Amino acid sequence: MLFFKECKKVLFSLTFIIYFFATLGMYFSQFHSDSGKALEKPVEGQNDYGMVAKEVPEILMPAAVNSLVTEYLSERYTAYPYGFYKEVKLKEKKRARMAEIIEELSGISPEELNGFADFEEGGYIMGEDGTFVYVEPRLPEIHIPKTMTYEHFRELMQEADQIIGGGSKYSDQFLVGNFSLVPKTYEDALAEYESFLHEDKITKAYGRLYCDYMGIDLAILPVFCAAALAGLDKRSGMEQLAYSRKISSAKLIFTRYFALVTVMLIPLAITTVVAYFKVVKLYPGSELDNFAIFQYAAFWLIPNIMTAAAVGMLITEMLSGLIAIFVQGAWWFSSIFAGSSGLTGNIQKFTLVMRHNSLVKADVFAAEWGNFVFNRIFYIAASIILIIFTAAIYERKRKGSFNGFSNIRKNNKSKFKK
């Protein structure tokens, strides 16, 4: 009975209605419109089949060394440890070791490197016609020694990544994708298409693309519903009545949480069904995995909803709904920003918003399968732990031993004034 009461409370709230239409809007404006045509078999003789990451040392090595020299001279390195964007500035000892690595890779001595006065970082700039053009960085002349083996190069890249703190573009995970993109051949494109048809059976590929789009919204929108629900008693003046109920705090909080998550699954269920039938219509008569989209939606997206809702409920009980939205928003933005460096295969153990914005490259997703499974189980478990903390805080508030950190600060200020 309590579960259905809480479901009804969420279902008829303004924040859920906004959440509902925002989720539908994300689906129709992104996945639905982006999947208007069936993927066509590549035709031999086309001018362009796109790009693919291949481990080609002749391409990878100079590109990676140029990037490392550029970041050294700019005195800042970009990294994404645990899926968070981080700009790293090295201390003197680490900077000196990085200079030694660069000398071994490029033949440029630390003295020459530090004394180079003509450095320009390069990048995209706006031209006179209003369009953006890429300007190459201005660097000292780089000559990779002929004695440099590819194996030793990879070792030096890994050391550079460790000096930066991990998660940099020089790590094993990102090195090839960042510095060794080559044009696809017809054979490459055909192999991807055959994998799309026979290994992914079409719907697995569309399931990943669907989750890529929907996962963006579902990692942030639920926090608004959670914050609104958690603060409802206070706003309606029913807080003391809620505290006086005989029901245990754990049962009340967990019931509210699962009611909240259950109701927020409604637009997810609707869009998943619509997505499935859209794929069926695009590929009539094809062999499909009829459960793939639903399986991906459940295991990929429900943990996003659970996590954002749990963060919303916990921080609202501790501080306020506004702070809960700010914290989840900052985390979400950081994860989105980290994912912008690679929209396909950006799946790490602690990435909140996982990305695979492609109908192909199933091999890239397969290579990250272990991270994917760990990630989703981790966030499901973390969500439950957060709700346990929420129930404990709620119990303390019912007993009068805790009234939120914001109220503690207010009480301390009033005591100080006295």
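The values are calculated or read from the model by the stated rules, or taken from the named source; none is laboratory data. Here the structure is a predicted model, which is why all the values come from computation and not from measurement. Using ideal geometry, Cβ is built from the backbone for each residue, glycine included, and neighbour counts are taken over all protein chains shown. SASA here: full protein model, heavy atoms, side chains in, ligands and nucleic acids out. Shrake-Rupley method; radii C 1.70, N 1.55, O 1.52, S 1.80 Å.
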Environment charge of Phe372, counting only residues whose C-beta is closer than 12 Å and scoring Lys/Arg +1, Asp/Glu -1:
+3
Take Lys37, Lys399, Lys246 and sort them by solvent-accessible surface of the protein heavy atoms, 1.4 Å probe, largest at the top.
Lys246, Lys37, Lys399
Rg and Dmax of segment 129-228, using alpha carbons, in Å: what are they?
21.1, 64
Percent RCO, i.e. relative contact order, over the chain, from Cα pairs under 8 Å lying at least 6 residues apart:
22
Roughly how compact is segment 280-370, stated as its Cα Rg over 2.2 N^0.38 Å to two decimals?
1.37
So, counting K/R as plus one and D/E as minus one, what does the shell of residues with Cβ under 12 Å around Phe179 add up to?
+1
If I build a Gaussian network model for the chain, linking alpha-carbon pairs within less than 10 angstrom, which residue out of Ala22, Ala96, Ala362 has the largest mean-square fluctuation?
Ala96
The chain, accessible area per residue, ligands and nucleic acids excluded (1.4 Å, Å²)
52
Between segment 368-392 and segment 62-141, the alpha-carbon center distance in angstrom
37
Of the options Trp331, Leu11, Ala362, report the single residue whose Cα projects farthest towards the positive end of the charge dipole of the chain (beta-carbon charges: Lys, Arg +1; Asp, Glu -1).
Leu11
Under 5 Å between amide hydrogens, which residues at least 5 positions from His356 or on another chain qualify, with H placed 1.01 Å from N in the peptide plane?
Asp212, Gly345
Mind checking which of Ala310, Pro140, Val182 is farthest towards the positive end of the chain's charge dipole, using Cβ charges of +1 (Lys, Arg) and -1 (Asp, Glu) about the Cα centre?
Ala310
Among the aspartates and glutamates, select those whose C-alpha is under 17 Å from the C-alpha of Lys41, and discard any that sit fewer than 8 residues away in the same chain.
Glu187, Asp188, Glu192, Glu194, Glu199, Asp200, Glu287
Karplus (6.51, -1.76, 1.60) ³J(HN,Hα), θ = phi - 60°, over segment 304-319, in Hz, Gly and Pro reported as x
4, 5, 4, 5, 4, 5, 5, 4, x, 5, 5, 6, 5, 5, 6, 10
Using just the C-alpha positions of segment 284-331 as equal point scatterers, what log10 of I(q)/I(0) does the Debye formula give at each q in 0.32 1/Å?
-1.06
For segment 349-391, max minus min Cα coordinate along each principal axis, in Å, sorted largest first?
44, 17, 12
Surface accessible to a 1.4 Å probe, Asp48 within the full protein complex, Å²:
110
Okay, which of segment 181-202 sit inside 18 Å, backbone N to the point 7 Å along the Cα-Cβ direction of Met51?
181-186, 188-189
